[in-house]
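Below is one structure, written out as structure tokens; comments come after it.
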Amino acid sequence: MHVRWKHLAVGLAILPIVVLFATWIGFFNVGASSGHWRITEWFLHFAMRSAVRTYALAVDAPERLPDNGIPPAAGHFARGCATCHGAPGEPRSPAALAMLPRPPDLSAVVEQWEDAELFRIVKHGVRFTGMPAWPTQARDDEIWSMVAFLRKLPAMDAATYRLLAYRERPQPPMHAFRFEDALAECTRCHGTGGMGFSPLTPVLAGQKEAYLLESLNAYLEGRRPSGMMQLPVQSVDPGHLSALASHFAALKRNAVVQPLKDDRVGQGEQIAQHGRPAQKVPACLGCHQNSQRNPSYPRLDGQPEAFLAAQLKLFREGSRSGTPFSHLMEKAAEYLSDADIENVSAYFSSLPPED
Ligand code: HEC
Ligand code: HEC
Ligand code: HEC
């Protein structure tokens, strides 16, 4: 008996050396073409499902998914996800079908996951599978918009998807060398008139040119975190960014929303004009009146309310950067309450465009 234990111990001690040797001579086939062994496949799936389930327990899911973010999420899906997963009316590419594991057709599988689990997968990706993490880890709001989009996917037909993802134009190429292609990439989310297709997509029409260009460079260099904007700016030739900024700056800003006249607008106006010095909230109009005081201070009139509120929350939590002056805005938002954010957003969004 004593000798057997000894043999076992020696066997265990040399096992890693045998495995290392087998690896060195190339015993394990890493080719994707032959698939996994059944047991490996079962184990990987089991590990993935268990890890997602456990880590999702720490995710704080919102009560209602942000359906107003579905249009930009669809636009992002077309560039960042459909290449692997396919989309309604767009089958998976042969390259995706040859991956191991194969990226699933999401309309067939999303119903197996809870919202928090989908959030976890989309934010962090899945190791050893090719499923990438979201392009930025600095903010969660865009990922919830994507989860809202994924929820609609099983019932979505090809025409609805095409309209959401590409709007009135054909699918732009993966890399835009020509100016017209670069513009087509932007207008599928921002519209040919620059007015945007959702309450979470900013109006670009008539925005100050310097602000637009500085923002584009900030996205490109990763200083202003946004997964949804990072992909489009990286897909166009950098030489076109300044022409894109001047193109959108020259468009006319229309009134999109009926000016509201509720209490929030009045209270928002109060803060915009006077701030609340006791609580270190500055008067917004000091910087945001439509003068040319500083070309990097953006116009806010007529921006959608939900977009303004989302940006203010990002400034307040310290995850919104941009132009060289963004620290001023971070300071201005630091002491805003949730109610203040609602009120000032309602106020600026109700202002009729000035030109
Ligand atoms: C480079 C290819 C690739 C891209 C791009 C990609 N995925 Fe995936 N994705 C995968 C693969 C492969 C899996 C399978 C992982 C597994 O089986 O463990 C996967 C799994 C998933 C799952 C879990 C589905 C399931 O039941 O296994 C979701 C949800 C998902 N991806 C969403 C997305 C979204 C949303 C995007 C875009 C933001 C995206 N993926 C981009 C390759 C990709
Ligand atoms: C997938 C949809 C989508 C595409 C494509 C897209 N955008 Fe955007 N864009 C957005 C969203 C969503 C935001 C808000 C991002 C944030 O929170 O920072 C945004 C923000 C911006 C901003 C900042 C505006 C502001 O007021 O702060 C600029 C400038 C901009 N986009 C220009 C462009 C240009 C130019 C292109 C084409 C190269 C483009 N976008 C392509 C969705 C898109
Ligand atoms: C000291 C000047 C200053 C004051 C005061 C100020 N802002 Fe700003 N604000 C800026 C600058 C600069 C930016 C551009 C930040 C960037 O992208 O770098 C900005 C950006 C914003 C944005 C984002 C707009 C967009 O298109 O992305 C919102 C919303 C905003 N401000 C609202 C407010 C509100 C509400 C107040 C009052 C509570 C306020 N600001 C006070 C300077 C200021």
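The values are calculated or read from the model by the stated rules, or taken from the named source; none is laboratory data. Remember, it's a predicted structure, so these values are computed and weren't measured experimentally. Cβ sites come from the backbone with ideal geometry, for glycine too, and all protein chains shown count toward neighbours.
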Test for Gln234: is it more than 11 Å from ligand 2 (Cβ to nearest atom) and farther than 20 Å from Asn68 by Cβ: no
Might you let me know whether segment 136-146 holds any residue that is among the β-branched types (Val, Ile, Thr), within 11 Å of ligand 1 (Cβ to nearest atom) and touching a residue at least 12 places away in the same chain (Cβ under 8 Å)? yes
Name the single residue that is modelled with the lowest pLDDT among those in segment 275-289 being buried (at least 16 other Cβ atoms within 10 Å of the Cβ) and part of a loop (DSSP other than H, G, I, E, B). Gln289
It is to be established whether one or more residues within segment 292-302 are away from ligand 2 (no atom under 16 Å from the Cβ) and in a loop (DSSP other than H, G, I, E, B). yes
Arg151 fails exactly one of (1) surrounded by fewer than 20 Cβ atoms within 10 Å (Cβ to Cβ); (2) within 16 Å of ligand 2 (Cβ to nearest atom), namely (2)
Residues of segment 124-135 satisfying the condition of being assigned to a loop (DSSP other than H, G, I, E, B) and surrounded by fewer than 19 Cβ atoms within 10 Å (Cβ to Cβ): Gly125, Arg127, Phe128, Thr129, Gly130, Pro132, Ala133, Pro135
Could you list, in sequence order, all residues of segment 317-329 that are assigned to a helix (DSSP H, G or I) and away from ligand 2 (no atom under 14 Å from the Cβ)? His327, Leu328
List pairs: first in segment 56-85 and assigned by TED's automatic domain parsing to the domain that holds Pro103, second away from ligand 3 (no atom under 16 Å from the Cβ) and of a type in the set (Lys, Arg), Cβ under 8 Å, 6+ apart or cross-chain? Ala56/Arg120; Val59/Arg120; Leu65/Arg151; Ile70/Lys152; Gly75/Arg188; Ala78/Arg188; Cys84/Arg92; His85/Arg92
Residue list for segment 166-187, restricted to those being under 15 Å from His247 (Cα atoms) and surrounded by 15 or more Cβ atoms within 10 Å (Cβ to Cβ): Phe179, Asp181, Ala182, Leu183, Ala184, Glu185, Cys186, Thr187
Taking Phe119 as the residue in question, decide whether it is buried (at least 17 other Cβ atoms within 10 Å of the Cβ), touching a residue at least 12 places away in the same chain (Cβ under 8 Å) and not hydroxyl-bearing (Ser, Thr, Tyr). yes
Check off (1) free of Cβ contacts under 8 Å to residues at least 60 places away in the same chain; (2) farther than 27 Å from Arg79 by Cβ for Gln234 and give me the number that stays unchecked. (2)
